[in-house]
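Below: one structure in structure tokens.
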Amino acid sequence: MNPIQRLEELPAEILQTFHPDFIFLIESDKIQHFPARNMSHNQKIQEVKKRLDHSLMVTYWKDHEIIYSPELNVFAVLPKE
């Protein structure tokens, strides 16, 4: 899944929910979020690695950090601070 393309397809109502107190996991058919309040950036990265358990790459979209693997059908969004 191309994460940038998937993000571009999301409705504005969903994009408005992006907040740095949460980490978002986006799949082709669902979006999940979990709390990340008071986590450092490194702690957020460790959470994503634990949940995706794969070799990961990083890119950016509208200043949000996108963590993904071309081999996975899910990616993480760390909303900008």
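What follows draws every value from the coordinates through simple rules; no lab data is involved. Not measured: the values here are computed from a predicted model. Cβ sites come from the backbone with ideal geometry, for glycine too, and all protein chains shown count toward neighbours.
Treat each spin label as a single point 7 Å out from the Cα along the C-beta direction, and report the LEU72 to MET57 distance in nm.
Spacing of the two 7 Å Cα→Cβ label points: 1.4 nm.
Order these by the 10 Å Cβ neighbour count, fewest first: ARG37, ARG6.
On the way: ARG37 8, ARG6 18.
Least crowded to most crowded, the residues run ARG37, ARG6.
Return the aspartates and glutamates within reach of LYS30: Cα separation strictly under 16 angstrom, same-chain partners fewer than 8 residues apart disregarded; answer none if there are no such residues.
GLU8, GLU9, GLU13
Determine, for ILE66, ILE4, the number of other Cβ atoms within 10 Å of each Cβ, and report the residues in order from fewest to most.
Result, fewest neighbours first: ILE4, ILE66.
Rounded to a whole number of µm²/s, how large is the Stokes-Einstein D of the chain at 10 °C and 1.306 mPa s, given Rh as the Kirkwood radius over C-alpha pairs?
For these conditions, the coefficient is 126 µm²/s.
Treating only the Cβ atoms of Lys and Arg (+1) and Asp and Glu (-1) as charged, compute the dipole magnitude of the chain about its Cα centre; round to the nearest 20 debye.
Numbers: 9 positive and 12 negative charges, 52 e Å.
Rounded to the nearest 20 debye, it is 240 debye.
Please report VAL74, VAL58, VAL48 as a ranked list, fewest other C-beta atoms within 10 angstrom at the top and most at the bottom.
VAL58, VAL74, VAL48
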